[in-house]
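The values are calculated or read from the model by the stated rules, or taken from the named source; none is laboratory data. Quick caveat: nothing in here was measured; it's all calculated off a predicted structure. Positions of Cβ are backbone-derived with ideal geometry, glycine not excepted, and every protein chain shown enters the neighbour counts. Heads up: the accessible areas ignore ligands, DNA and RNA and are worked out on the full protein's heavy atoms, side chains in. Shrake-Rupley method; radii C 1.70, N 1.55, O 1.52, S 1.80 Å.
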Amino acid sequence: MEHLEQLRKWVKESNNIVFFGGAGVSTESGIPDFRSVDGLYHQQYDYPPETILSHTFYRKKTDEFYRFYRAKMLCLDAKPNAAHLKLAQWEQEGKLKAVITQNIDGLHQAAGSRVVLELHGSVLRNYCEQCGTFYDVEYIVNSEGVPACTCGGSIKPDVVLYEEGLNQKTLADAVRYISEADVLIVGGTSLAVYPAAGLLDYYTGNKLVLVNKTPTPRDSIADLIVQGSIGEIFSQLD
């Protein structure tokens, strides 16, 4: 497969790789992409996931938000897959500078990656909206209804909901890493969610690699397209 050979060559020759990934990186660890709504979902919830995971819904129907959130968004038994592990290996070898992810599951860190920019936050972090006290994910799992802080305030996941803005520092750091990258590998994302998908526009190099099972709206600007399962493809790289 010549595309894979080309990717292998670029990875081997570079010590300034940046990876930008989406839901497809986590689905191979068994974490469902909530956009692909299953039949069970329709029986259990009266609203589509995009509505439930919005700032407005969180404010108006916090109980219902948490019912969905605990059932669908906390996949704490998931383990890193071949893609997560390969990225951590490249970082350790000094080849990869950063992982930029749209995922909120913490699997890149679990695999050993240290420089991880979480555009949409993480389910592993939660904070009291009143006093700012930090709570881990186990506290959320073991609480009922709307989790409450010892001060009486409500606890909110450190996750960027629909209608909420991205963290500006995380975004600025992502722009810097991408603009300075030699090789930019984009994997497991449909490149349909903005502003995240717009980050590709900051890349000025000539080694933009798209790794995805299906075509994306940005295929025309890629220097190399490798179609298939990201875990399988990464497991074949050095």
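Considering the range 90-136, and only residues there that are in contact (Cβ under 8 Å) with a residue 12 or more places away in the chain and in a helix (DSSP H, G or I), the residue that is most open to solvent (accessible area, probe 1.4 Å) turns out to be GLN92. Across the range 56-87, the number of residues qualifying as farther than 17 Å from GLN236 by Cβ and of a type in the set (A, V, I, L, M, F, W, C) comes to 9.
Can you name every residue in the range 74-84 that is of a type outside the set (Lys, Arg), open to solvent by 30 Å² or more (accessible area, probe 1.4 Å) and within 16 Å of the chain's Cα centre (by Cα)? Explain how you work it out, then say what you get.
Filtering the range 74-84 for residues of a type outside the set (Lys, Arg) gives 74-78, 80-84.
Subsequent filtering for residues that are open to solvent by 30 Å² or more (accessible area, probe 1.4 Å) retains 75-77, 80, 82.
Those that are of a type outside the set (Lys, Arg), open to solvent by 30 Å² or more (accessible area, probe 1.4 Å) and within 16 Å of the chain's Cα centre (by Cα): CYS75, LEU76, PRO80, ALA82.
Criterion first (hydrophobic (A, V, I, L, M, F, W, C) and touching a Pro at 6+ places or on another chain (Cβ under 6 Å)) does LEU107 satisfy it? Considered against the rule, which asks whether it is hydrophobic (A, V, I, L, M, F, W, C) and touching a Pro at 6+ places or on another chain (Cβ under 6 Å), LEU107 comes out as yes.
Figure legend. Inter-residue proximity from the range 183-197: first residues modelled with pLDDT of 90 or more, second residues open to solvent by less than 10 Å² (accessible area, probe 1.4 Å) and among the basic types (Lys, Arg), beta-carbon distance below 9 Å, spacing 6+ or different chains. No pairs are indicated.
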